[in-house]
Amino acid sequence: MRRFLDRYWYAYAMVLPVVLVTGVLVLIPLAQGVFFTFTDINEGNIANPVLDRPATFSGVGLVNYLHVLSGDPAYGSFWSTLARTLVWTFGCVLAHFTIGLGLAVLLNRRVRGRAVYRALLILPWAVPSFISAFAWKYMFNAQYGVINQALRVVGLPDPVWLGQSDWALVAVMLVNVWLGVPFMMVALLGGLQAIPADLYEAAEVDGASPWQRFRDITLPGLRAVSGTVVLLGVIWTFNMFAVIYLVTGANPNTRILVTYAFERFFSGASRDYAIASTYGVLILSVLLVFVAGYRRALRGQEAA
Amino acid sequence: MAARRSRLASVGLHAALVGASVIAVFPVFWVLVTSFKPDARAVETTPRLLNESSLDNYARVLAGEKGDFLAWFGNSVLIALGTTALAVFLSATAGYAASRFRFPGRRPLLLSFLLVQMFPFAVLIVPLYNVLLALGLQGTGFGLVLVYCTTAVPFCAFMLKGYFDTIPADIDEAGRVDGLSPFGVFWRLVLPLARPGLAVTAFYAFLTAWGEVAFASAFLSAADGSKTLAVGLQVFVQQNRTEWGHLAAASVLVAVPAVAAFYPVQRYLVAGLPSGAVKG
């Protein structure tokens, strides 16, 4: 034991602050949140220290899970909301990745004004996202929004973007793509710059076409970076709450799992903490399954 | 890349970059344009660049007609700087330990950085509220700083671990030979070399706190003087109509510090982001 501490004490000392903070502020709340899913807790029966009122909620077993997983519309139509969440997540991440990769490849060339282009393209990342959400909400307005104005000028149909239709989902996805491309672009640009230039030169000498060079050098060279950023992108997008909430509010056409949990939390006659927490646990479970599968797939690819 | 590009390819390249840049910049530009218009002009169905434009919106927002904008601003600055300082400290120490030392629990630690990002924080609000209450931090800026750190630190530590990995361990050994303690090596040798990575981390943490809405609205008291910008700006979004001109002016005032903090850092971004560490 003594030798163990002698050897590792400084490592643990450096890790301790993080473990302490996340332990207290993530693990304890998480444990409590999981506990809530087995109760009927809501704003009316939770302990309220301000009013000096004790807790009166009681355990209900698996009832919350049964309600939610039945897909009952009164509990957020879990399965169709999950499907929409998947459309949202994979649509956004696919667009982030392909647009980000395209721009990174362009920026990685010797092109005049590269620094200016990069500074401009990165701008959506620098602006706080709640401001961007306001800006897009304004631009998407059906009457005075500049987007419909432009569409009318060119003679295209001008849908009511943020109304009760799937256009709302398209709109929030566009906003989120706009927000997320710079991160992908910058990360992939870093990856591109780490690929040794002589690989390309050798390929060119061998007469490889640009497409072959992209497929056989660029993509494999980016595998490690892509693996990380796609995984992070999926996790972040799956739980992206602010964009949807600020642009469309509680619109059932843009409802994803995390926004529904938040709706249960903050709206309705009684804030239903139990159902919100149940959604939270289900979100975490879906992500865990995804991450496990993803890492296994990556490892399989490396072995091949 | 040695081959000279044809003229056509060159035009195409610039056209693509210009097009993308316009899309990236336009929403911000449009907010700027709107911020000079009176609320009534901002909702006209034929948008124009200038329409009775003036600095009135800015004057009114700064004068605090709709709420104490300067107090919100001050709160946001304090909370964002506090988050930045604490998050950089926490993620640098943990990232360094994970990069240099092979200690039991290292792999679970790295995995937990990834796992913590999966927690839907919106759902932790009530339990978090209870924890903060028990610690006596509920309603305080410091409580919010701690909460923001739990969001920012896992990614930052992950990122910095990757950055420390690129600094040769020989440097550490040379420092040890010269008689520095493990902390001395970290503090005096490695941290100065890691400046680009630290800059990116600092920026990321700053932005996390500067633009966060959900926790700030749930945890800060409803008193106008204790709001942050993200919460305060909601006063311009009324039930039936939004005061777009005022909102735009306030938004510009909020975005300027973030953009100003961003551009000195952005040249480090490419080097500082994680380069493939999912394997953990």
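Read the figures in this text as sums done on the coordinates, not as results from a lab. Computed from a prediction, not measured in an experiment: that's the story for all the values here. Note that each Cβ is placed from the backbone with ideal geometry, even for glycine, and that neighbours are counted across all protein chains shown.
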Next on the checklist: Under 10 Å, Cα contacts only: if you run a Gaussian network model on chain B, which one of B:253, B:32, B:49 comes out with the highest mean-square fluctuation?
Outcome noted: B:49
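What ranking do A:6, A:158 get, fewest neighbouring Cβ atoms within 10 angstrom at the top?
Lowest to highest Cβ neighbour count: A:6, A:158.
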Checklist entry - Which of B:143, B:19, B:64 moves most in a GNM of chain B, Cα contacts under 10 Å? => result B:19
Next on the checklist: What whole-number distance in Å separates the alpha-carbon centres of region A:120-160 and region B:45-99?
Outcome noted: 22
Checklist entry - With point charges of +1 on the Cβ of Lys and Arg and -1 on the Cβ of Asp and Glu, referenced to the Cα centre of the protein assembly as shown, which listed residue (A:50, B:74, A:97) lies farthest in the positive direction of the dipole? => result A:97
Checklist entry - Once amide H atoms are built 1.01 Å from N in the peptide plane, which residues 5 or more positions from residue A:39, or in another chain, come under 5 Å H to H? => result A:60
Item to check | Label point at residue A:111 placed 7 Å out along Cα→Cβ; residues across region B:24-67 whose backbone nitrogen lies under 18 Å | outcome: B:24-26
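Take the alpha carbon gyration tensor of region A:108-183, find the square roots of its eigenvalues, order them as a ≥ b ≥ c, and report rounded if a/c is under 1.5; if not, report prolate when a/b exceeds b/c, else oblate.
Prolate.
Counting each DSSP H run of 4 or more residues in chain A as -39500 (n - 2.57), what helix-only mean residue ellipticity at 222 nm follows after dividing by all residues, to the nearest 500 deg cm²/dmol?
-22000 deg cm²/dmol
Can you tell me the length gained on complete extension of the stretch residue A:32 to residue A:143, counting 0.36 nm per residue apart and subtracting the Cα distance?
Length difference between fully extended and current span is 35.3 nm.
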Checklist entry - So which residue, out of B:40, B:152, B:205, gets the largest mean-square fluctuation from a GNM of chain B using Cα contacts under 10 Å as springs? => result B:40
Checklist entry - In terms of the Cα gyration tensor, with a ≥ b ≥ c the square roots of its eigenvalues, is region A:155-304 rounded because a/c is under 1.5, prolate because a/b exceeds b/c, or oblate? => result oblate
Next on the checklist: Rounded, prolate or oblate, given the Cα gyration tensor of region A:65-206, with a/c below 1.5 counting as rounded?
Outcome noted: oblate
Item to check | Calculated diffusion of the protein assembly as shown, Stokes-Einstein form, Kirkwood radius summed over Cα pairs, 25 °C and 0.890 mPa s, µm²/s | outcome: 96
Checklist outcome for this item: If the chain between residue B:259 and residue B:223 were fully extended at 0.36 nm per residue, the gain over the current Cα-Cα distance would be 10.1 nm
Item to check | FRET efficiency for residue B:187 and residue A:151, using Cβ-Cβ distance with R0 set to 60 Å, rounded to 0.05 | outcome: 0.55
Item to check | Additional length obtainable on full extension of the chain from residue A:52 to residue A:288, 0.36 nm per residue less Cα span | outcome: 81.1 nm
